[in-house]
Amino acid sequence: MKPTSRIEGFHKLSQNEKIDKIKQMAGLTDDEVKILTAQNVPMDLFDRMIENNIGVMTVPIGVATNFIIDDTSRLVPMAVEESSVVAAASNAAKMTRNHGGFHTSSTGSYMIGQIQVLDLQTPEFASHIILSNKEQLLKLANEQDPVLVKFGGGATDLETRIIGTSVGDMLIVHLIVNALDAMGANAVNTMAEAIAPEIEKLTGGVVRLRILSNLADRRVIRARAVFDAEMLGGEEVVEGIIDAWAFADADPYRAATHNKGIMNAISAIALATANDWRAIEAGAHSYAARNGFYTSLTTYEINEDGNLVGTIEIPLALGTIGGASRIHPTAQINLKIMGVKGAQELASIVASVGLAQNLAALRALATEGIQKGHMKLHARNMATQVGAVGEEIDKVAAKMIKLGKVRADVAEEALKEIRKK
Ligand code: MEV
């Protein structure tokens, strides 16, 4: 294991020094650094990516440090507009290093395509007909994507469900597809559309929807870690974190915010790698409600040494090949910085950072609250908003922090005073 994710004093380096450090550590070329720093973004790429393209929305990328995941050191680029997220994740990861970092496991990369069959007189009977023709339907599905099949993926199973709805019973066919390193939406949707006419022929029913489900509960990643009690601040803090978690576990109002904090990390890495973060969000929240009530995606316990043990279990439909991840140069560079080889490795990183992010939020909430940590960057943003430039920004921010008031009117006043001098 190369100890590369621990960079002493990284946050204290200037922006250029940080870029140089990551360039050197990840082996980036000058051209890659230009792309990463938005100096050389090929606009025609975006014109091909979406319709009516007129520009780009730039979001800052920060690198989370200190992560050891499955015995491998990882630097993790996160694309996020919110202050404190990157620092909080890095800080939480530091508290796992003496205990081996994060360990993960997964169910594999299986996605579900849904086919809705209507107008059936005898849905049970139709279900049996579909299941007895499974091999033929899977073969037809797999003919749609010979490349995926060649690499060991493709449609592996068919399942049926009869659901009662407000317009009557429906037969829902689930096509299970091993998407390997792709997110899988294109492959699954193409396969579902291809087998639909055959399902109509076999059952005499009418097929309407043929679309992937974002409740990717066959593509679940689990991560666990031991967080050092002493580094967390001692027994009382550990107990406070347990109480904070139990609140989320029992109450959907709190669970929504608790899980939002997890998604601060998860969506940030999904965005940095040009993955479909809306799909990930939909999957995470529906999985959190899979037992009929909405609850926390993480758990916490205290082990025999008094340390805090945390776990996360979450569906992650992430791809490293195909789609925007493949063609977006910044996504490719971010994958290079992480040193990621495939979707499973990426998912193990994403789940681990999600757990770290959650732990950091709970620790802050159970102790000093989150505002203190937010204040410094927030104050700098506020200073910029009122027109401070260069050295004025830090001076205006420092003044607001000293006064304990981070507000536009206070910033304006401070800026006036500084300019007078
Ligand atoms: C803010 O973006 C995220 C938190 O609200 C998460 C939480 O409450 O657990 C701090």
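For the chain, give the magnitude of the charge dipole about the Cα centre (Cβ charges: +1 Lys/Arg, -1 Asp/Glu; no others), in debye to the nearest 20.
So the magnitude is around 1160 debye.
Extending each Cα 7 Å along its Cβ direction at Arg326 and Ile401, get the distance between those two points in nm, one decimal.
4.6
Using the basic label-point model (7 angstrom from Cα toward the beta carbon), what is the Tyr253 to Ile19 distance in nanometres?
So the two model labels end up 4.6 nm from each other.
Averaging sequence separations of C-alpha pairs under 8 Å and six or more residues apart, then dividing by the length of the chain, give the relative contact order as a whole percent. Walk me through the numbers before you get to the answer.
On the way: 754 pairs, mean separation 76.7, N = 421.
So the answer I get is 18 percent.
Could you work out the mean projected area of the convex hull around the alpha carbons of segment 26-169, in square nanometres to one decimal?
16.1
Taking the 0 to 90 degree range and rounding to the nearest ten, how far is the long axis of helix 235-250 tilted relative to the main principal axis of the chain, both from C-alpha atoms?
Tilt of helix 235-250: around 40 degrees.
Give the residue from Met400, Leu45, Ser90 lying farthest towards the positive end of the charge dipole for the chain; charges sit on Cβ (+1 for Lys and Arg, -1 for Asp and Glu) and the dipole is referred to the Cα centre.
It is Met400.
Mind listing the Cα extents of segment 202-241 along all three principal axes, in Å, largest one first?
The Cα atoms of segment 202-241 stretch 66, 16, 13 Å along the principal axes, largest first.
So what's the back-of-envelope 222 nm ellipticity for the chain, counting only DSSP H runs of four-plus at -39500 (n - 2.57) apiece and dividing by all residues, rounded to 500?
Theoretical 222 nm ellipticity from helices: -15500 deg cm²/dmol.
So how many Å³ per residue does the convex hull of the Cα atoms of the chain work out to?
That works out to 186 Å³ per residue.
Find the all-direction average of the projected area of the Cα convex hull for segment 105-162, expressing the result in square nanometres with one decimal place.
5.1
Taking 8 Å as the Cα distance limit and 6 or more residues as the minimum spacing, I'd like the relative contact order of segment 372-420 as a percentage.
Once normalised by length, the contact order is 40 percent.
Hey, got the Cα dimensions of segment 110-212 along the principal axes, in Å, largest first?
Result for segment 110-212: principal-axis Cα extents of 40, 25, 17 Å.
Any idea what angle helix 371-385 forms with the longest principal axis of the chain, computed on alpha-carbon atoms, 0 to 90 degrees, nearest 10?
80
Using only alpha carbon pairs under 8 Å that are at least six residues apart, calculate the relative contact order of segment 62-194 and give it in whole percent.
25
If the only charges are +1 at each Lys and Arg Cβ and -1 at each Asp and Glu Cβ, what is the size of the charge dipole of segment 372-420 around the Cα centre, to the nearest 20 debye? Please report the intermediate quantities before stating the final value.
Details: 11 positive and 7 negative charges, 40 e Å.
Using only the charged Cβ atoms, the result is roughly 200 debye.
If you line up the Cα atoms of segment 372-420 on their principal axes, what length do they span on each, largest first, in Å?
30, 18, 14
Mind grabbing the base-10 log of I(q)/I(0) for segment 246-350 at q = 0.10 Å⁻¹? Debye formula, identical points on the C-alpha positions, no solvent, two decimal places.
Cα-only, vacuum Debye calculation for segment 246-350: -0.33.
Connecting C-alpha atoms closer than 10 Å in a GNM of the chain, tell me which of Leu403, Leu215, Leu158 has the biggest fluctuation.
Between Leu403, Leu215, Leu158, it is Leu403 that shows the largest mean-square fluctuation.
Beyond 20 Å, what share of the Cα-Cα pairs of segment 40-104 remains, rounded to the nearest whole percent?
The share of Cα pairs beyond 20 Å in segment 40-104 comes to 48 percent.
Could you work out how far apart the two model spin labels at Val389 and Glu198 are, taking each label as a point 7 Å from the Cα in the direction of the beta carbon, and quote it in nm?
Reported label-point gap for Val389 and Glu198 is 6.6 nm.
About the Cα centre, and with charges only on the beta carbon of Lys, Arg (+1) and Asp, Glu (-1), how big is the dipole of segment 1-96? Nearest 20 debye, please. Let's see the in-between values first.
Details: 10 positive and 13 negative charges, 96 e Å.
Dipole magnitude for segment 1-96 comes out near 460 debye.
Quick one: angle between helix 329-338 and the longest Cα principal axis of the chain, in degrees between 0 and 90, rounded to 10, please.
Compared with the principal axis, the helix lies near 80 degrees.
Quick note: the coordinates plus some simple rules give every number you see, no bench work behind them. The model shown is predicted, which means the values in this text are computed figures rather than measured ones. Please note: Cβ atoms are built from the backbone with ideal geometry, for glycine as well, and neighbour counts cover all protein chains shown.
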